[in-house]
Amino acid sequence: MNKNIESTLVEKRIFKPAKEFSKKARIGSMAQYQKMWKESVTKPEKFFAREAADLKWQKKWTKVLDWKCPYAKWFIGGKINVAENCLDRHLGTARHNKAAIVWQGEPVGEKRTLTYAQLHREVCRFSNALKRNGVKKGDRVLIYMPMVPEAAIAMLACARIGAMHSVVFGGFSAESIKDRVLDSGSKIILTADGGYRRGAVVPLKKNVDDAMTLLNNGGTNPVKRVIVFKRTGQDIHIEEGRDVWWHRELEYVDADCAPAQLDSETPLFILYTSGSTGKPKGILHTTGGYLLHAYMTCKYVFDLRDEDVYWCTADVGWVTGHTYMVYGPLAMGATSFMYEGAPNWPENDRFWQIIAENGVTVFYTAPTAIRAFMKWGDQWVTKHDLSSLRLLGTVGEPINPEAWMWYHRTIGGSRCPIVDTWWQTETGGHMITPLPGATPTKPGTATLPFFGVDAAIVDDAGNELGANQGGKLVIRKPWPSMLRGIWGDKARYKQTYWSEYKGMYFAGDGARRDEHGNFWIVGRIDDVLNVAGHRLGTAEVESALVSHPSVAEAAVVGKPDELKGQAVVCFVTVKTGITTSKELANDLKKHVRTVIGPVATPDEIRFTDALPKTRSGKIMRRLLKQVAAGELIKGDTTTLEDLSVLAKLATAED
Ligand code: WT7
């Protein structure tokens, strides 16, 4: 069948929650969802005060919300500690010796389980190690770790003593570490000798060493201490006076560390993400509201129960790993499964083997992964018993209906509800998502707003659009886990998110709402790419390219890609006297990897004599996108400075 026709047919199918599921679910009907949602947006203070009572507050708040657009404060006057809620709150209950983290390394056979009592103890000890190394409340701690329980321990230890973590994904380069150290002013780095990925060792410590060299050469290295966790046992450099071993530090400390008394608005973490211009920005999240939202979404969207084995496949380097591998599930007292490596190591069925072996019940992954699994073939799935699964989730990009159906049938055995969760680093947690026991789903839509979320589709003037009209996605009210700012750049916060429309948060996505109110997310409408669920600023890749001695100018656009959603296509003009070649193209790809990291590796380099520009000198990205996608050039080109440029581009080669 024609792919488009099949998509349309599939999109029309409605999947109602099974009665069995709804009966047990916390929100079991649309009527209940609607009633609660209405209260959550009309009386947010009352609604969230009731929900927040589930958490442990060291001191109760005096006011739920203080909103002076675009600045929100939640639970003012309240004191609360995230680590205490994720750990201490479960001690002395039936969860005391329950598995908090179940871990598997990539090398087959490596396993660890940490109960709540054990995790609490480890976090307390490491908190003391941090203190011993001079970390104080408000300090920034850069975490560059593989996917091992110590990554979560490090985060929770920061939270326990009121330090802020800034986790940097292990796939980022030395240069990226350097930028983040400088921007955040981190005095300490927590890392490991290495980590395993697809059978190879990722040289984490070596990358940190290179970052230190860059910083030292720049003359301003704020990093005084690097704590190294021994994961692989490979040979590494230890810089006397700066680098210390994680296990040695633990020899000096005891397990007694009271959680710090923290104001609800104490900064919890910074997480860097790409924007449409310049360098990545440090998204700032704070304590009380963030924790509440992480907790509530795990409760209502993932419907987590004590019996669940919940697995979120995201790396801790992304916000999904923060909220849905560490903070949300642990605040719920759930068992959070963690896997170190690649889905195709040693073979293509590693994920299904893990699910079967551990009896995973709730599984959360990305559409790009689902599309890869589809391509690898059903035979990898069907040889495993996946009957433990009861709920599936996706996040990161719009899921195409075919992938949704495959996920539903082949992984979910046509029995598990799917929650397609739309959210962002900035939102801290789920914003638009089905509730599995209540919301009828359709392949391809993230459906309806979560509690407290007043989402709408507006036109360029900010007027709300009617059903099925494409526009921009905005949020019109503050929500507990909203970002509180961009680290070190107050003006950019206002400019990026709150200046497009008065009083509304602009998400950067295009979307429409259908006649039932379901949101269909189209994707980014700014100069941000979504490559395999990872955000990448075109400007970032462009500036990496022009830092290469041969490059004069570069323009980067996305091209539709069956597996990754978008592929990175770079149009490059070289300096006079430079000859273009396949070698140079490969060299440029390598250069981008070195500057940003493997996540940003260009898929195509296309050399061209000039880039198409408007008379005012702006690069015409719309045209480049069409050229990249191999489409005929459509639309108005009359403002093109030099029309002959187009002809060249269309034939430019790798
Ligand atoms: C962007 C945010 C949220 C954690 C992972 C990505 C896209 C995310 C969906 C979804 C359609 C989605 C949006 C958004 N996105 N989830 N379910 N359906 N698009 O976080 O790196 O901050 O990226 O990812 O375009 O703006 P992020």
| Among (1) surrounded by fewer than 19 Cβ atoms within 10 Å (Cβ to Cβ); (2) β-branched (Val, Ile, Thr); (3) within 12 Å of the ligand (Cβ to nearest atom), where does Ile399 come up short? | (1)
| Top-ranked residue in segment 130-152 [being crowded, with 23+ Cβ neighbours inside 10 Å and touching an Asp or Glu at 6+ places or on another chain (Cβ under 7 Å); ranked as farthest from Thr232 (Cα to Cα)] | Met147
| Out of Ile525, Ile578, which single residue is of a type in the set (Val, Ile, Thr), surrounded by fewer than 18 Cβ atoms within 10 Å (Cβ to Cβ) and closer than 18 Å to Thr273 by Cβ? | Ile525
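Could you say which residue among Ile177, Ile143, Ile153 is among the aliphatic types (A, V, I, L, M), touching a residue at least 40 places away in the same chain (Cβ under 8 Å) and within 22 Å of Val244 (Cβ to Cβ)? Break it down stepwise before answering.
Working: Ile177 fails: touching a residue at least 40 places away in the same chain (Cβ under 8 Å); Ile153 fails: touching a residue at least 40 places away in the same chain (Cβ under 8 Å).
The unique qualifying residue is Ile143.
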| query | Within segment 386-395, is there a residue that is open to solvent by 20 Å² or more (accessible area, probe 1.4 Å), in contact with a His (Cβ under 8 Å, 6 or more places away or on another chain) and more than 7 Å from the ligand (Cβ to nearest atom)? | reply | no
| Filter result for the condition that a residue is in contact (Cβ under 8 Å) with a residue 40 or more places away in the chain, away from the ligand (no atom under 12 Å from the Cβ), basic (Lys, Arg) and open to solvent by 10 Å² or more (accessible area, probe 1.4 Å), over Lys472, Lys494 | Lys494
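Given the criteria surrounded by fewer than 17 Cβ atoms within 10 Å (Cβ to Cβ), under 18 Å from Val141 (Cα atoms) and of a type in the set (D, E, K, R), does Arg242 qualify?
Here the answer is yes, as Arg242 does meet what is asked.
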| Residue count for segment 420-456, restricted to those that are more than 9 Å from the ligand (Cβ to nearest atom) and in a strand (DSSP E or B) | 5
| Selection from segment 388-419 of residues that are closer than 27 Å to Phe506 by Cα, among the hydrophobic types (A, V, I, L, M, F, W, C) and either modelled with pLDDT under 95 or in a loop (DSSP other than H, G, I, E, B) (or both) | Val395, Ile399
| note | Checked pairs for segment 40-57, first in contact (Cβ under 8 Å) with a residue 24 or more places away in the chain, second part of a helix (DSSP H, G or I) and open to solvent by 30 Å² or more (accessible area, probe 1.4 Å), C-beta under 7 Å and 6 or more apart or across chains, list as Phe47/Glu39; Lys56/Arg89
| note | Within segment 278-289, the count of residues that are open to solvent by 30 Å² or more (accessible area, probe 1.4 Å) and more than 16 Å from the ligand (Cβ to nearest atom) comes to 1
| task | Quickly run through segment 299-329 and pick out the residues that are in contact with a Ser or Thr (Cβ under 8 Å, 6 or more places away or on another chain), among the hydrophobic types (A, V, I, L, M, F, W, C) and farther than 22 Å from Gly195 by Cβ. | result | Val301, Val309
| query | Within segment 248-270, is there a residue that is in contact with an Asp or Glu (Cβ under 9 Å, 6 or more places away or on another chain), more than 26 Å from Val599 (Cα to Cα), part of a loop (DSSP other than H, G, I, E, B) and open to solvent by less than 10 Å² (accessible area, probe 1.4 Å)? | reply | no
| When you scan segment 334-358, how many residues do you find that are open to solvent by 30 Å² or more (accessible area, probe 1.4 Å) and part of a helix (DSSP H, G or I)? | 4
| request: Scan segment 68-84 for residues that are farther than 15 Å from Ala49 by Cβ and either in a strand (DSSP E or B) or among the charged types (D, E, K, R) (or both) and jot them down. | output: Lys68, Tyr71, Ala72, Lys79, Glu84
| Of everything in segment 290-321 that's within 12 Å of the ligand (Cβ to nearest atom) and over 30 Å from Ile177 (Cβ atoms), which residue is surrounded by the fewest Cβ atoms within 10 Å (Cβ to Cβ)? | Val301
| query | Mind checking whether some residue in segment 98-110 is open to solvent by 30 Å² or more (accessible area, probe 1.4 Å) and either in a strand (DSSP E or B) or of a type in the set (A, V, I, L, M, F, W, C) (or both)? | reply | yes
| query | Here are some conditions: (1) farther than 26 Å from Lys12 by Cβ; (2) of a type in the set (A, V, I, L, M, F, W, C); (3) in a strand (DSSP E or B). Ala372 meets all but one. Which one does it not meet? | reply | (3)
| remark: When restricted to Lys502, Lys494, Lys472, Lys477, the only residue charged (D, E, K, R) and modelled with pLDDT under 95 is Lys502
| request: For Gly275, indicate whether it is within 16 Å of the ligand (Cβ to nearest atom) and either open to solvent by 30 Å² or more (accessible area, probe 1.4 Å) or not β-branched (Val, Ile, Thr) (or both). | output: yes
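Among the strands (runs of 3 or more DSSP E) confined wholly to segment 499-568, which include 3 or more residues that are within 12 Å of the ligand (Cβ to nearest atom)?
Because the criterion is at least 3 residues that are within 12 Å of the ligand (Cβ to nearest atom), the strands (runs of 3 or more DSSP E) in segment 499-568 that meet it are 505-513, 519-524, 528-531, 534-537.
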| query | Does any residue of segment 336-353 turn out to be of a type in the set (Ser, Thr, Tyr) and within 16 Å of the ligand (Cβ to nearest atom)? | reply | no
| Within the group Thr594, Thr573, which residue is touching an Asp or Glu at 6+ places or on another chain (Cβ under 8 Å) and open to solvent by 40 Å² or more (accessible area, probe 1.4 Å)? | Thr594
| field | Members of segment 402-432 that are open to solvent by less than 10 Å² (accessible area, probe 1.4 Å) and on the phi > 0 side of the Ramachandran plot | value | Gly428
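The values are calculated or read from the model by the stated rules, or taken from the named source; none is laboratory data. None of the values given here were measured: they were computed from a predicted structure. FYI the Cβ positions are ideal-geometry reconstructions off the backbone, even for glycines, and counts take in every protein chain you see. Accessible surface areas use protein heavy atoms only, side chains included; no ligands, DNA or RNA. Shrake-Rupley method; radii C 1.70, N 1.55, O 1.52, S 1.80 Å.
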